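For reference, the structure is listed below as structure tokens.
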Amino acid sequence: MTMGKPLPHDSAPLHVTGQARYADDVPLPAGALHLAFGLSSCAHGTITGMDLAAVRAAPGVVAVFSAEDWPKGFGEMPDCSPSVLDEPLLAVGRVHYIGQPVFLVVADSHLAARKAARLGRVAYDELPALLTVDDALAANSRFEQGPVIWAKGDAAGAIARAPHVLEGTFEVGGQEHFYLEGQVALALPAEDGGVNVISSTQHPTEIQHKVAHALHLPMSAVRVETRRMGGGFGGKESQGNALAIACALAARATGRPCKMRYDRDDDMMITGKRHDLRIRYRVGHDAEGRISGIEFTHLFRCGWSQDLSLPVADRAMLHADNCYHLPDIRIESHRLKTNTQSATAYRGFGGPQGIVGIERVIDHVAHATGREPLEVRLLNFYRSNGTGGPGSGTRFGGPHSPANSQPQTTPFHMEMEDFIGHELVAELEKTSNYLARKAEIAAWNSTNPILKRGIALVPVKFGISFTLTWLNQAGALVHVYQDGSVMLNHGGTEMGQGLNQKVAQVVADVFGLEAAAVKITATDTAKVPNTSATAASSGSDLNGMAARAAAETIRGRMADFIADKHQTKAASVRFEAGLVKLAGEHYAFAQVAAWAYQARISLSSTGYYATPKITWDRVKGRGRPFLYFAYGAAVTEVVLDTLTGENRMLRVDILHDTGTSLNPALDIGQVEGAFVQGAGWLTTEELVWNGKGGLTTHAPSTYKIPACSDRPPVFNVALWGKPNREDTVGKSKAVGEPPFNLGISALMALSDAVAACGDGSAYVALDAPATAERVLMAVRRQQGNV
Amino acid sequence: MSRIHVTTTVNGDAVEFLADPRDSLLDCLRDQLNLTGSKEGCGTGDCGACSVTVDGTLVCSCLVLGVEAEGKRIETVEGMAKGNDLHPLQRKFIEHAALQCGFCTPGILVAAKALLAENPDPSESEIRFWLAGNLCRCTGYDKIIHAVQDAAAEMRGA
Ligand code: FES
Ligand code: FES
């Protein structure tokens, strides 16, 4: 078995020697050209004039394109949107945000193109720019006709009947992906008018589709290849389209290879980020903290174009419950159109925004009732199903009582079948010693006036599957060569998560080989067609199954062949340890491959997988959008300086569910990295737009992702290790996104530490990101001197 | 602009190249010498993906001009392994799974090597603060620190 082994990333030896080739490292053919966009400096306005003479005259410039000067024969301005054709490659007539591409420079070097792009003079008639949630609400500027509303039960009635009611508003910031490798694409003209594209993208099929559309070519004339990305995190799901289209057009116009790479500042100015939002809540609860009715309003700032905002905002609604049974709930979701970068996919895809909302409510309810937040969390947990274990009804009365044997449902009416929160949290409470440490911290805080510590335990439940049902499919291509070596292609892309290694382990297992015997090459639209984005954490679930199906087809043919030769049954043939065994004989795998080839047996197969069981009606907000849920919980302890608001994590304990892990080394790496990224989102990573709509934090000098020095000195991560109850590949669970939400525990721990600064009468109400400034202001509020 | 002839030593090899006086050392390494192991993560000295050493001093090669390499000794990630023998840091990064997308890895390895040259037995917090200028968006840093500690121990023993 190679499945389940903690093998290193398949590219690790290349990574550490600098040999791993990223899109920007591909040697360019002679005569290659470089592209750069000229960007809008106006957040909303009509273009009244464009003077690009200086751009054209700049050294090294070969061509300049704009909507006013668009090559004849290219048809309309191509569109870059992944959803609704609302993103022209270059602004046509109007600009919608500061950073929008207005013209395109083609030059003989990267630097020449960038320098020339600064020389353009564009005049605008400024229009009122809608920058904030309030601006957009006042102007009723939104995607879709009105808010999306999903409800279960009677939230208003339940709140009216509840003995206690709380209300609150919570601001949650966005997040820059800060993939360390910026966006990059390269287009090479092919014979017959076609084009080959190399792109740092999570979605080669989308690039193929958009480039074909832009060049008026069939998709078959466009080939897209992605070997690896230097990080993606959702930021390369749709945001690479513009570069690939620009390169393909310029390559068509000049007949030369064309490459485009955003430098970091341009990348941050042009591309979309995680959606920020305002969350309003009204909740009815009892004296113990049991929630009866709850109403959420999500106010998302989606930016200027629709991009993926609708499914992102949907997913936030689908995670508004996190681990809690909310029998009467109403969620109203506004998708507001603003004159800012178009917010896009980012690890969790709206899920974290939904989860942080209910965690904030629980924190608030715990404060109001004076109860330990963990008790309030457990009190509201879903029941465990059919296990008779904790939470199956014996501990609490009311809606959780054993008499009520109906399965509980989520706010979107999906039956909860696999809830393991009780067992998992009980285990983590034990290993982290949460309750005892909490008491110790309270004692410590009472004798330390300047430094205050805080601790929080936050559980996570995250739904796995694309909510656009048809995306839940994957294809793979496996070849066995006559020397017994194996080549694998699948539709997923490698962005550091180790997907190729995991899928190779699956295929190696089918053939009874070592993982190293399976060679994985670049993702290539010419090999596996019609793929979905590597997103929604689905990479190994979907592609692992498809690759397994392909490998099993070939193994079946090899087994039939060798069994036939020995006049025995194919079912008795075993593939183990590099050997093919049957009827007391065993042969090297390579030997059987050679014989099969000579016997004219096909040793190549495609494989295909479509996720079963899922049905989803997004208009009604009803169904089973997810095949299963992944779970986890984290305990974070922080310390803060009440004089400056500065703070740091002291210790983190995580227990996370990846089912039966396909590769524990890779999974633990995903969990750690996701936690730190999630904690960064809610603490140090602050996006600031000025009053004109310009993003002022567009470089790492001003936008602070966690650094090595922020690493918690104690960082304990363990995997839950129990098999997925659904029939996934090797009984594993998806791992990319769920643990991102564990970072919420850092925010809640800060809330706890700030609470220790006052007499406990006022709720902390810490907005996110809880930067040192915000923490300091919250400390001052607690101390009663605002 | 006329180009300037630069003679320097990269990873022990004498090399020459022609540099536009405005080109960064990073661009010269990547574009003139095809040493693409050093990466550009920001171009402004904030991410460390371009880390190299110049005469033994750790620098961000995006902030050094190519022409400044004249007569200097440059070491990049490509020079760490001796033939097929990986440097202990490289081996430990693989063993500890201290990388994911790998884009930050060359810079971090070069920076860690410079640390161990200066301080063969760094404490956990010395490692954390030394590497604070090398951003990694994927790993959360925990395994990176373990890998550096482990490599340091091995190198002291050897
Ligand atoms: S590229 Fe040089 S420090 Fe970021
Ligand atoms: S491994 Fe991706 S940035 Fe460090």
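The values are calculated or read from the model by the stated rules, or taken from the named source; none is laboratory data. None of the values given here were measured: they were computed from a predicted structure. Ideal geometry is used to build each Cβ from the backbone, glycine not excepted, and the neighbour counts take in all protein chains shown. Keep in mind that these areas ignore ligands, DNA and RNA; they rest on the heavy atoms of the full protein, side chains included. Shrake-Rupley method; radii C 1.70, N 1.55, O 1.52, S 1.80 Å.
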Checked against a 29 Å limit on the C-alpha separation, the offending pairs among A:Lys236/A:Lys527; A:Lys527/A:Lys733; A:Lys452/A:Lys733; A:Lys5/A:Lys569; A:Lys152/A:Lys461 are A:Lys452/A:Lys733; A:Lys5/A:Lys569
So, relative contact order of region B:88-156 in percent, Cα under 8 Å, 6 or more apart, is 54
Total charge of the residues flanking A:Gly60 in space, meaning their Cβ is under 10 Å from its Cβ, with Lys and Arg +1 and Asp and Glu -1, is 0
Rounded to the nearest Å, the spacing of the alpha-carbon centers of region A:320-390 and region A:1-80 is 39
Treating only Lys and Arg (+1) and Asp and Glu (-1) as charged, each at its beta carbon, one finds that the protein assembly as shown has a dipole about its Cα centre, in Debye to the nearest 20, of 1260
Between the residues B:Leu65, B:Ile4, B:Cys42, the Cα farthest towards the positive end of the dipole of region B:4-79, that dipole coming from +1 and -1 charges on the beta-carbon of Lys, Arg, Asp and Glu, is from B:Cys42
The lysines whose Cα lies under 27 Å from the Cα of B:Lys72, excluding any fewer than 8 residues away in the same chain, are B:Lys39, B:Lys82, B:Lys113
When the charge dipole of the protein assembly as shown is computed with +1 on Lys and Arg Cβ and -1 on Asp and Glu Cβ about the Cα centre, the Cα farthest towards its positive end, among A:Ala535, A:Ser66, A:Val676, belongs to A:Ala535
To the nearest 20 debye, region A:473-610 has a Cα-centred charge dipole, built from +1 on Lys and Arg Cβ and -1 on Asp and Glu Cβ, of 220
Hydrodynamic calc, chain B: Kirkwood Rh from Cα pairs, then Stokes-Einstein at 25 °C with viscosity 0.890 mPa s, so D in µm² s⁻¹ is 155
Straight-line reach check, A:Lys430, cutoff 17 Å on alpha carbons, 8 or more apart in-chain or any other chain, hits among lysines -> A:Lys438
Hits for chain A under the membrane-span-like helix rule (DSSP H, Cα axial span at least 15 Å, Kyte-Doolittle mean at least 1.0) are A:241-254, A:744-755
Rounded to a whole %, the carbon-and-sulfur portion of the accessible area of region A:435-487 at a 1.4 Å probe is 69
Per DSSP, the loop-located GluC sites (Glu not before Pro) within region B:31-98 having at most 16 other beta carbons within 10 Å are B:Glu70
With the 8 Å Cα cutoff and a minimum separation of six or more residues, region A:134-283 has a relative contact order in percent of 35
Listed by chain and number, the lysines with an alpha carbon less than 21 angstrom from that of A:Lys72, same-chain partners under 8 positions apart left out, are A:Lys210
Between the alpha carbon centres of region A:242-301 and region A:627-685 the gap in Å comes to 22
Each label sits 7 Å from Cα toward the beta-carbon; between A:Ala190 and A:Thr696 the label points are separated, in nm, by 4.8
Toy charge model, Lys and Arg Cβ at +1, Asp and Glu Cβ at -1: region A:547-586 dipole around Cα centroid in debye, rounded to 20, equals 60
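Tell me which trypsin sites (Lys or Arg not before Pro) from region A:643-740 have a DSSP coil assignment and no more than 16 other beta carbons within 10 Å of their own.
Details: sites: A:Arg648, A:Arg651, A:Lys692, A:Lys704, A:Arg725, A:Lys731, A:Lys733; in loops: A:Lys692, A:Lys704, A:Arg725, A:Lys733.
Here the trypsin sites (Lys or Arg not before Pro) that fit, given the DSSP loop and packing criteria, are A:Lys692, A:Arg725.
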B:Leu63 and A:Glu288 label points (each 7 Å along its Cα→Cβ direction) are spaced in nm at 5.9
Checked region B:1-80 against the a/c 1.5 cut and the a/b vs b/c comparison, axes a ≥ b ≥ c from its Cα gyration tensor; verdict oblate
Taking the alpha-carbon centre of each part, the distance from region B:1-63 to region A:575-625 in Å is 48
Length-normalised contact order of chain A, Cα under 8 Å, at least 6 apart, in percent, tallies to 15
For region A:1-104 the trypsin sites (Lys or Arg not before Pro) that pass both the DSSP coil test and the at-most-14 other-Cβ-within-10 Å test are A:Lys72
Cα-based Debye curve of the protein assembly as shown sampled at q = 0.10 Å⁻¹ gives log₁₀ I(q)/I(0) of -1.22
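Apply the a/c threshold of 1.5 to the C-alpha gyration tensor of region A:41-94 and tell me whether it is rounded, prolate or oblate.
Details: a/c = 2.15, a/b = 1.40, b/c = 1.54.
It is oblate, given that a/c is not under 1.5 and a/b is not larger than b/c.
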